[in-house]
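Have a look at the structure below, then the notes.
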Amino acid sequence: MTTTTAPDRSAEARTAFSILAALSLCHMLNDTIQSLLPAIYPVLQENYALSFTQIGVLHFVFQFTASLLQPAVGLYTDKRPMFRLSTAGMGASLIGLLILAFAHHYWGLLVAAMMVGIGSSIFHPDSSRVARTASGGRYGFAQSFFQVGGNTGSALGPLLAAYVVLPFGQPSIAWFSALALLGMVVLWNVGTWAKARHREARLKVAAPAPAAIFPPRKTVVIVGVLAALVFTKYIYLSSLTSFYTFFLIERFEVSVRDAQLLLFVFLAAVAAGTFAGGPIGDRIGRKAVIWVSILGVLPFSLALPYANLFWTAVLSVVIGVVIASAFSAILVYAQQLVPGRVGMISGLFFGFAFGVGGVGAAVLGILADHKGIVWVYHVCSFLPLLGLLAVFLPADNALKRR
């Protein structure tokens, strides 16, 4: 009996890892597509004579649409899994890319941003739920592995903008529809695996619904603290992902291409930090990771507005690595806090993160028009102070079943 079960477990582990790798690849493709939009903001500003306010509104439409459906998608698929839903989401992103490539006015850009946002709002909660199913109990690792694909895609956007969109123009964005088609194929196969796992689970004796760890009121307070930490992280990240290129151009008079390459360096650091956060949280505890990730970035964020070009690049790398490690830890912490609602919690936090980023971009764009982009970076440098709220989070041991 021993000789027959060991190979089965090994095969199951390999299958689960291949599913995680497929989901991470699709997350990379999805976020490469969605990162193209902010990466070409300087191009769109020149082509359409956009103000910072219009750029902020464009980013808001994208982020708000991306956030709006995520909790609803997660809640619905927790109860009734839809194994081809992520494929449909990638199809919506494909349509958005084509509209963005051939838009002739500002309203076309808004519709394109909305379609890409809808694709993301469908993809994230459903794929995050499947990633947890394939985790084998290593929840932090699985979320980080899934997340690092997305952050890698976000980092690729500026490179593609610099070396494809800038030389060949806005219509070249249509070429990236091939990425969406590849994602649709991979997600179809992932859906087939998830459907088989779901069928197997239904044949087993149904386990009782997991009980809540804390009373409802305390759970709401803790979720509120986690949401405030996500707010801090994503407002600050929004200042960098949406306006970093403009900050570099205005402050240091670099070219658009050089600014996009420096944005890539920052986003690559974010990808590295994301991958580190989950496994470290599995080892030392997620509360510790949250503490260090948000509050620990404060000295570097305060120094950034005063640094020269070289140290700005260095500080952006440190900030990216440190602050990015928080999200996987926050998400897994929340999933443990509210057991049995993986899709809903994933959708809630992904959606809230996107929504905060969108609102932040709109507000920061208005402030940049009135006060200047450098002033915005001085104000945002104090945001990591809100990391002090982590003191109100229960210790990791308190989330374990009693």
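The values are calculated or read from the model by the stated rules, or taken from the named source; none is laboratory data. On a predicted model such as this, the values are computed, not experimentally measured, just so you know. Using ideal geometry, Cβ is built from the backbone for each residue, glycine included, and neighbour counts are taken over all protein chains shown. Accessible surface is based on the protein model in full, side chains and every heavy atom, while ligands, DNA and RNA are left aside. Shrake-Rupley method; radii C 1.70, N 1.55, O 1.52, S 1.80 Å.
Counting only residues that are among the polar types (S, T, N, Q), at pLDDT 80 or above and touching a helix residue (DSSP H, G or I) at 6+ places or on another chain (Cβ under 7 Å), region 253-303 holds 3 of them. Among the residues here, residue 31 does not qualify as surrounded by fewer than 21 Cβ atoms within 10 Å (Cβ to Cβ), in a helix (DSSP H, G or I) and of a type in the set (D, E, K, R). Among the residues of region 28-35, not a single one is among the hydroxyl-bearing types (Ser, Thr, Tyr), modelled with pLDDT under 85 and more than 18 Å from the chain's Cα centre (by Cα).
Taken over region 45-63, the criterion of being hydrophobic (A, V, I, L, M, F, W, C) and not in a helix (DSSP H, G or I) is satisfied by 49, 50. Among the residues of region 315-343, those identified as open to solvent by 10 Å² or more (accessible area, probe 1.4 Å) and in contact with a Gly (Cβ under 9 Å, 6 or more places away or on another chain) are 321, 322, 325, 341, 342. On inspection, residue 303 passes the criterion of being surrounded by fewer than 18 Cβ atoms within 10 Å (Cβ to Cβ) and in contact with a Ser or Thr (Cβ under 9 Å, 6 or more places away or on another chain).
Residues that are at pLDDT below 85, loosely packed, with under 10 Cβ neighbours inside 10 Å and out of contact with any strand residue (DSSP E or B) (no Cβ under 7 Å at 6 or more places or on another chain): does region 164-177 have at least one? No, region 164-177 has no match at all.
Out of 39, 13, I need the residue that is of a type in the set (A, V, I, L, M) and either at pLDDT 90 or above or surrounded by 21 or more Cβ atoms within 10 Å (Cβ to Cβ) (or both). Which one? Unique residue meeting the criteria: 39. For region 75-121, the tally of residues that are open to solvent by 40 Å² or more (accessible area, probe 1.4 Å) and either part of a helix (DSSP H, G or I) or touching a Pro at 6+ places or on another chain (Cβ under 9 Å) (or both) stands at 15. Scoring residue 346 on the criteria (1) open to solvent by 10 Å² or more (accessible area, probe 1.4 Å); (2) closer than 23 Å to residue 79 by Cβ leaves a single failure, condition (1).
Table: residues versus (1) open to solvent by 30 Å² or more (accessible area, probe 1.4 Å); (2) modelled with pLDDT of 85 or more.
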| site | (1), (2) |
| --- | --- |
| 158 | no, no |
| 189 | yes, yes |
| 206 | yes, no |
| 210 | yes, no |
| 214 | no, no |
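In this structure, residue 72 qualifies as in a helix (DSSP H, G or I), small (Gly, Ala, Ser) and either open to solvent by 40 Å² or more (accessible area, probe 1.4 Å) or in contact with a Lys or Arg (Cβ under 7 Å, 6 or more places away or on another chain) (or both). Taking every residue in region 132-146 that is on the phi > 0 side of the Ramachandran plot and pairing it with any residue that is surrounded by fewer than 22 Cβ atoms within 10 Å (Cβ to Cβ), at least 6 positions away or on another chain, the pairs with Cβ-Cβ distances below 7 Å are 136/13; 136/16.
State whether one or more residues within region 347-356 are in a helix (DSSP H, G or I) and more than 14 Å from the chain's Cα centre (by Cα). No: region 347-356 contains no residue that is in a helix (DSSP H, G or I) and more than 14 Å from the chain's Cα centre (by Cα).
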